[in-house]
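One structure is given here, and the rest of the page talks about it.
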Amino acid sequence: MIKRLHPGKRFCEAVIVNGIITTAGITGRDEAADTIGQTRDILAQIDALLAEAGTSKSNLISASIWLRDIAHFDQMNEVWDQWIDKDNLPVRATVEARLAAPGLLVEIQVSAVV
């Protein structure tokens, strides 16, 4: 069975199947915020989706991160390092990419065991 969380016009915010939740790429809600602010907001949104699915960041298995400017890698990591469960690290990839809107600086997608 597939459970879709918060379906929209083109995609769901998350899908749960076979005990795994996979989120869409999550972006900050305030495009005026800097990389640190957007990353904090994204991780809060991820926490909420994981909680809704009955899991947490301790059960992350993978993360993909897109940065508008790779020069902001350290700023994003400053927030990530405070947030992540260091005893249960996921695999992760981070790349520089042109994001969907000019004010978006960070996008993060995760998968976790439910």
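Just so you know, all these numbers are worked out from the coordinates, no wet-lab data involved. These numbers come from a predicted model, not from an experiment. Neighbour counts are summed over all protein chains in view; Cβ atoms, including those assigned to glycine, are modelled from backbone coordinates with ideal geometry.
Below, the figures for the structure above:
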item: Test item: Cα-centred dipole of the chain, Lys/Arg +1 and Asp/Glu -1 on Cβ, debye; result: 560
item: Likely footprinting exposure, D41, D34, fewest C-beta neighbours within 10 Å first; result: D34, D41
item: Residue-span extension gain [N18 to R98] - 0.36 nm each, minus C-alpha spacing; result: 25.6 nm
item: Sequence of H6, H72 once ranked by neighbouring C-beta atoms within 10 Å, starting from the fewest; result: H6, H72
item: Least to most buried among S62, S111 (fewest other Cβ within 10 Å first); result: S62, S111
item: Where labels lie 7 Å past Cα in the beta-carbon direction, separation of D34 and K3 in nm; result: 3.9
